[in-house]
Amino acid sequence: MENYTQLSSKEDQEAVESNGIILCMNEKGRTGVLPNIDIVYPYIILTLNLSGSSHSLYDMKEIRARKNDLTVFLPGHIIRPLEHSEDYTQAWLLLDPSKFKDSEKKFNPSDMEFLSHSPICHLTDEQAENLLLLLGAINYIASRSVEELPNKHRLLEQQLSVAYELYMSIRHEQDTEWNKDRMGHIYLTFCNLVVEHHKEERNVNYYAKLLGYDPRYFSKIFRAYNDGTSPLEWIQNYVTNQAKRMISEQPNIKIKEVAFELGFPTTANFCRYFLHATGIYPQAYKDSLQSDKEALSPQK
């Protein structure tokens, strides 16, 4: 299993680095993202299904989206696209929250973390049409230069604030009972704690204590909610995916540097951890990426 965080085109990458936001108003299933591969982005991703259906995993939980379904993925969480129908099309928005720190609503994980255990909601035709009109306005502003729109960033913040209010009003209108999902909230809080503290703590006891639970009881209810996956397995998968991201994005990085970045006390400790979680050593994983790259290179 590989891990990708790069966008599917250089133009998209440059756009999000420059403006903090990119949009596509009508696109078929993306060919730049391979199915069944874990993705961890530092961005907020909003997708609106315009037609067809899609199937994916979000923090290892299955989600299925159909026409007029709106999905919001938060930064640092694991997305795995699985499949989509042939007639699947979508509108999507990708937002770098670090570019909008001064926004009134502060579009970052803490503002919408309570939504991530239920990332998908269904819109009426009218709601979907209104959202598309709003996304069109955002797209117009984002596509203009600073010379054309000197207050471009402020205008984007204002429109994003409107989009946030629209989204929240829809969620509260539709899902009056959803925030009573106790285990969903526990699961969500755990995921966000791991995202925040995985470099310092990888012990289930630490997170169970933060959540106010006995570690054994926490593991039991976590497994029951998450189809048998234990909290330790979740932590290991997240940490090793971060390691794979570094290795795949930085071919020249040394394994000891990856270990240091992830907070392991020694390289040997990291290698044992990686081996236990994935079945191979990190150097073997790095070598396999290089072999695959050479195999795909044109023969001279």
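The values are calculated or read from the model by the stated rules, or taken from the named source; none is laboratory data. Keep in mind it's a predicted model, so treat the numbers as computed, not measured. Cβ: placed from backbone, ideal geometry, glycine included. Neighbour counts: every protein chain shown.
Some points to look at:
- Of the helices (runs of 4 or more DSSP H) lying entirely inside region 132-214, those carrying at least 2 residues that are hydroxyl-bearing (Ser, Thr, Tyr) and closer than 23 Å to Gly263 by Cα are 204-211.
- Flag if Asp292 is farther than 30 Å from His185 by Cα, at pLDDT below 95 and not assigned by TED's automatic domain parsing to the domain that holds Ile39: yes
- Complete set of residues in region 243-272 that are hydrophobic (A, V, I, L, M, F, W, C) and in a loop (DSSP other than H, G, I, E, B): Ile253, Leu262, Phe264
- Residues in region 14-31 that are touching a strand residue (DSSP E or B) at 6+ places or on another chain (Cβ under 9 Å) and modelled with pLDDT under 75: Ala15, Lys28, Gly29, Arg30.
- Pairs meeting the criteria (first residue in region 1-28 and over 18 Å from Arg245 (Cβ atoms) and of a type in the set (A, V, I, L, M), second residue surrounded by fewer than 15 Cβ atoms within 10 Å (Cβ to Cβ) and modelled with pLDDT of 75 or more, beta carbons under 7 Å, at least 6 apart or on different chains) are Met25/Gly136.
- Failed item, numbered, when Gly228 is tested on (1) in a helix (DSSP H, G or I); (2) over 25 Å from Thr267 (Cβ atoms); (3) of a type outside the set (Val, Ile, Thr): (1)
- Verdict on Lys244 being out of contact with any helix residue (DSSP H, G or I) (no Cβ under 9 Å at 6 or more places or on another chain) and not hydrophobic (A, V, I, L, M, F, W, C): no
- Boolean, Thr240 is outside any helix (DSSP H, G or I), surrounded by 14 or more Cβ atoms within 10 Å (Cβ to Cβ) and hydroxyl-bearing (Ser, Thr, Tyr): no
Here is a yes/no grid of residues against (1) in contact (Cβ under 8 Å) with a residue 12 or more places away in the chain; (2) assigned by TED's automatic domain parsing to the domain that holds Asp59; (3) among the small types (Gly, Ala, Ser); (4) farther than 25 Å from Pro75 by Cα:
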site: Lys209; (1), (2), (3), (4): no, no, no, no
site: Ile221; (1), (2), (3), (4): yes, no, no, yes
site: Thr240; (1), (2), (3), (4): yes, no, no, no
site: Ser248; (1), (2), (3), (4): yes, no, yes, no
site: Ile253; (1), (2), (3), (4): no, no, no, no
site: Thr266; (1), (2), (3), (4): no, no, no, yes
site: Tyr281; (1), (2), (3), (4): no, no, no, yes
